[in-house]
Amino acid sequence: MLLIPCPWCGPRDEAEFRYGGQAGVSYPRDPWALDDGAWAEFLFVRDNPKGWFAERWFHTAGCRRWCHVLRDTLDNRIAASGPAGTQLPAPDTGRTGERADAAASDPARSTRGSRA
Amino acid sequence: MSGRRPDWNDPTGVEAPYVGVVFDGRALTARAGEPLSASLLAAGVRTVGTSISTGRPRGVYTADAAEPCAYVRVDSSPGEAMAQATRVETYDGLRAAGLAGYARLPDDREPARADKSWAHCDVLVVGAGPAGLAAALAAARVGARVILADERPHPGGDLLGSRRHIDGTPAAEWIAAALAELHSHPEVRVFTRTTVTGHYDHGEHIALERRPRQDATGNVPDARPRPVSYRLWRIRTRRTVLATGAGERPFAFQGNDRPGVMLAGAAARYAWRYGVLPGRRAVVSGCHDEALWAAVDLHDAGIELAAVADARPAPGTAPVAALRERGVDVLTEHAATRTVATADGVLSDAALAPVDRQGRVAGPDRTFACDLLAVSGGHDPAIALASHTGMRPRWSPPHAAFLPGPLPDATHCVGAAAGTRSADAARAAGHRAGQAAAVAALRTDGTVPAPRAADGTEGQTSEEDGTGDAAGGAPPMALWAVTAPHSDAALTFVDLHRDVTLADLRAAIDAGMTSIEHIKRFTTVGTGPDQGRTSGVLTAGIVAQWLDRSMDQVGGARQRPPVAPVPFAALAGPDRGDLLYPARRTPMHDWHVAHGAVFEDVGQWKRPRYYPRGEEDMRAAVLRECHAAREGVAVLDASTLGKIIVSGHDAPVFLDRIYTGKFSTLRVGRCRYGVMCGADGMVLDDGVAVRLADHSYLVTTTSGNAETVLAWLEEWAQEEWPDLCVHFTHATDHFATVSVVGPRARDVMARIAPDLDVSAEGFPFMTFRDTTVAGVSARVLRVSFTGELTFEIYVSSWYGRAVWEAVMAAGEPHAITPYGTETMHVLRAEKGFIVVGHETDGSVTPIDLGMEWAVSKRKDFVGKRSLSRADTAREDREQLVGLLPDDAGHVLAEGAQLVAGPPGAARNAPTDSSAAWPTPTAPPPRPAPTQGRVTSAYDSAALGRTFGLGLLRGGRERHGERLYAVHLDRIVPVTVTDPVFYDKEGLRRDG
């Protein structure tokens, strides 16, 4: 079970949280400006990196705040966390080879409008 | 014959009494607290049980949790269906029996009692041998909170009972001193009989503590008739030091399963740790120095050495000299090649033969009469826990063993688990690791992992592993199977528990398998309750040799949690029966129970489903309850309805964005039905929202869905619109809700709410009033989920029962009838009202449900954009319809598929796809394609017949069409109708 650093409550068991998927995918300001393809991309397509991933967790059984967590999907290391809306920087992995590509991609990248 | 050593002192210093135990109906004398296997050896019991598939006799093979052979059933309470004799601690009155083949769970026995516990520490040390004790001491001295866990009853590991010195001190004294110091640290806890079974992310561990019926000093930890046998620990630590030691590995040869064949280190351990002689006359065969030292130990304990063999050409000079001093010459380049047995299958002779480095017999063998054949093929570091990190072990030729590969920062692995065989070197490595772990743990603030340690794993350098020749030692040799041209592969056992032989491995390889994982699954090698501790690396070695691959290429089978079997009773702990799952009960629950309600689970809620009278079944009760609601007055406990108060300056704007309808225009004091959609336009939840004040709304949700909706509201408020001033209060449990329903409801309300104008004009539909009901401050809503005149009374949950009873009393003249969820469903379905989770499944839009009226055309809301996606706007989407079965007495099955084809008219599949079929005969008929499904179906008192709701492709345009509802092998003709069956004009809501 992960130990998730809630920015308000400190490290807490994963069981206290609800998972919220990729962070930084905002609801488009003007949904009607997007064609069906771009809208579908926003709705259904998310990053699935091997490596650092900014994701959202909701502290249901705690402070009831959504927070952002930067987690390495390979070994579950957590590098940073912050309140909802924070942009978490991709850390220097300090690891070799395989990780470079995952770390280079911006984990907080929004898929919004990528086809618009 | 065997026996006990008269000259022996218990290295734990405990003067345990002798007690009576019964094994297979025979009374034996045991030393309290010793493993049953020791008592059996002392009593001369050679055969403990028989093996699972060949039924061959098996005896004690090891002295610990690796035991593959000696399995017993414990009959004295608390019993155990299957236990290793090496791990059953004896006590006065213990009754056990050897297992013949597989164990059977008794039907009649109460499950063992178990509880659960949580623990937190800075450094968890797993294993209390020299490395673990040193690590725990070092960490404690730094000031860390330490937990030291060891699976045996006494700390000390293999050092306990060892005749060697550590740190210049006799082993037993060093262990005692280390424990004394550990106990003096207030933040150190020592868990014995505790197996850490899993090493997980972020320092989480699961550990199984076994609690003895009685320990060696006669102490009874739990004197209740049903004592707690297990405790499951969840330990969270910042750093982990794995000092899990090593297990002894055998090598394979013909007849290596006979009772009397035992691991050499285990034999020596019985002699010195437990004072029990596992035999009188022994042959020892190994391929490393420690097997020779075990021979020395056996000799000095009083066992005659018939012969000692070493497969290496040049064993260590020191043990060879020690044996020569005792008049024994080591037969080099020799190994055990076969055994001879007595008529009852017990070892009588062992044959030694010259062998080459591959274990092939190179000359004629010689037999030696003996009652103990002590064998050893080396030591396997216990790296199962280390493997849980994803670590891949690597083969070390100088160690002839798999050593742990690089580990994460927070996991240290030291001592024999890292390949260090010398106790002093293990102690030194443990000390360093314990200190480093404590320093790192205390530096960590708990949110961000400490920087990666400069060095990877600890204690793995060869200069400290004690395998060098400085002290007259020689490196071990890898010896797998000793085979002669005439030896029988089907009697050469690799996994003694699973009865897997060389012949089985051969069959797997001949069948084309080369992966160790495939071979494991094909042969079941290593899958027994002993987790293949004695067979895992042996299998890899044999396979590598046969396939001419390196050990790293073959590798070991992946080791996953748990490291040792965990009884289901321990996993369940106290969470069984009523404690299995949290139950939520309304304030009126006891009343429902007293009035014979039949309950159903709605999420965590216990809700009355119906209230049978006399001999009524559900159908009869529900028809009666429905009739009361439609013709008289009935009452529902609606307290489980989710309730969320949305308040703040921007609450109106917020709800406009969340609901499909507009709520900012709702006047204070009025109610409106609302639907929420996901961003994908699919219905998420529905309910009535009430405007309490300009900036405050009460939002109701589907029962059991309040937490989901709350999370949803919080998500939008926090993530998307942090600029809006809005906040949420979860009030589900704060209010009890009594729903008074039916044409006579007004009469009941008039009696209990004297201040309330209950007339249709004075209290119109979809408004609310704050008033007093039954003397209690209440809020009454004029809403309706049944189509009938309804007063929904909200009171503080403390008064729920009192108000409910007041309603019952006031309604008595009108024969007020309590009704449950089943009747509620019938009434709402008659009106075509949907229930989220019945008519919706996350793929249904409000338009599909015919709720255009609830969807605002003028404003945007979450998910609105999705409603015009090509797929969402399709004309032939599944849409809500009513269904009337031809048989007016038949209740359709919910989930039945709606098909167009009549029974038996299923069309055949095209015949041109014959390639997909092995024979040219006609493919089986393809079932008629489904066009939708039944979502709700009931018997209706008001309609005088059964009916249903369903989702049907393009259903809105298909009223009047005839279809078939197919469920399992039942096919029912139905007619598609409008989903509103009752009171289409909505005339009844005002009574």
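The values are calculated or read from the model by the stated rules, or taken from the named source; none is laboratory data. This is a predicted model, so every value here is computed, not measured. Every residue, glycine as well, gets a Cβ built from its backbone with ideal geometry; the counts of neighbours run over all protein chains shown.
Of all the numbered requirements in (1) within 32 Å of the chain's Cα centre (by Cα); (2) closer than 30 Å to B:ASN9 by Cβ; (3) hydrophobic (A, V, I, L, M, F, W, C), B:ALA134 misses one, and that requirement is (1). Scanning the range B:932-991 for residues that are of a type in the set (Phe, Trp, Tyr) and within 30 Å of B:SER739 (Cα to Cα) yields B:TYR938, B:PHE947, B:PHE981, B:TYR982. Of B:VAL738, B:VAL748, all but one fail to be crowded, with 24+ Cβ neighbours inside 10 Å and more than 47 Å from the chain's Cα centre (by Cα); the exception is B:VAL748. Those strands (runs of 3 or more DSSP E) of the range B:32-113 in which 1 or more residues are more than 17 Å from B:PRO567 (Cβ to Cβ) and touching a residue at least 12 places away in the same chain (Cβ under 8 Å) occupy B:95-98. Among the residues of the range B:114-137, those identified as crowded, with 19+ Cβ neighbours inside 10 Å and either without any contact (Cβ under 8 Å) to a residue 24 or more places away in the chain or small (Gly, Ala, Ser) (or both) are B:ALA114, B:GLY127, B:ALA128, B:GLY129, B:ALA131, B:GLY132, B:ALA134, B:ALA135, B:ALA136. How many residues does the range B:281-319 hold that are assigned to a loop (DSSP other than H, G, I, E, B) and either closer than 25 Å to B:GLY33 by Cβ or β-branched (Val, Ile, Thr) (or both)? Count: 3. When the range B:790-825 is filtered for residues that are under 15 Å from B:HIS595 (Cβ atoms) and either more than 47 Å from the chain's Cα centre (by Cα) or aliphatic (A, V, I, L, M) (or both), the ones remaining, listed by number, are B:VAL807, B:MET808, B:ALA809, B:GLY811, B:GLU812, B:ALA815, B:ILE816.
Considering only residues that are touching a Cys at 6+ places or on another chain (Cβ under 9 Å), of a type in the set (A, V, I, L, M) and in a loop (DSSP other than H, G, I, E, B), which ones fall in the range B:753-801? Of everything in the range B:753-801, those that are touching a Cys at 6+ places or on another chain (Cβ under 9 Å), of a type in the set (A, V, I, L, M) and in a loop (DSSP other than H, G, I, E, B) turn out to be B:MET766, B:VAL783. Pull up the range A:79-90, narrow it to residues that are within 12 Å of chain B (Cβ to nearest Cβ) and surrounded by fewer than 20 Cβ atoms within 10 Å (Cβ to Cβ), then point me to the one that is farthest from B:GLU715 (Cα to Cα). Going through the qualifying residues, I end up with A:ALA80. In the range B:601-638, what residues are within 34 Å of the chain's Cα centre (by Cα) and either polar (S, T, N, Q) or under 23 Å from B:ARG746 (Cβ atoms) (or both)? Scanning the range B:601-638 gives a single hit, B:GLN604. The requirement of being surrounded by 18 or more Cβ atoms within 10 Å (Cβ to Cβ) and either touching an Asp or Glu at 6+ places or on another chain (Cβ under 7 Å) or in contact (Cβ under 8 Å) with a residue 12 or more places away in the chain (or both) is not satisfied by B:TRP721. Taking strands (runs of 3 or more DSSP E) as the structural unit, those lying wholly within the range B:198-259 and holding at least 2 residues that are surrounded by fewer than 20 Cβ atoms within 10 Å (Cβ to Cβ) and touching a Phe, Trp or Tyr at 6+ places or on another chain (Cβ under 9 Å) correspond to B:228-242. For residues that are closer than 26 Å to B:ASN256 by Cα and not β-branched (Val, Ile, Thr), tally how many sit in the range B:62-95. Count: 15. Of B:ALA176, B:ALA180, B:ALA171, all but one fail to be surrounded by fewer than 21 Cβ atoms within 10 Å (Cβ to Cβ), touching a residue at least 60 places away in the same chain (Cβ under 8 Å) and either of a type in the set (A, V, I, L, M, F, W, C) or within 14 Å of chain A (Cβ to nearest Cβ) (or both); the exception is B:ALA176. Scanning the range A:15-68 for residues that are more than 17 Å from the chain's Cα centre (by Cα) and without any contact (Cβ under 8 Å) to a residue 40 or more places away in the chain turns up A:ARG29, A:ASP30, A:PRO31, A:TRP32, A:ASP36, A:TRP39, A:ALA40, A:ARG64. Taking the stated definitions as given, is B:PHE861 within 14 Å of chain A (Cβ to nearest Cβ) and crowded, with 17+ Cβ neighbours inside 10 Å? So B:PHE861 passes the test.
Among the numbered conditions (1) modelled with pLDDT under 95; (2) more than 8 Å from chain B (Cβ to nearest Cβ), tell me where A:GLU16 comes up short. It is condition (1) that A:GLU16 fails.
Determine, yes or no, whether B:HIS695 is touching a helix residue (DSSP H, G or I) at 6+ places or on another chain (Cβ under 7 Å), closer than 30 Å to A:HIS59 by Cα and of a type outside the set (Phe, Trp, Tyr). Yes, satisfied. When A:ALA116, A:ALA104 are screened for being touching a Leu at 6+ places or on another chain (Cβ under 6 Å) and at pLDDT below 95, only A:ALA116 passes.
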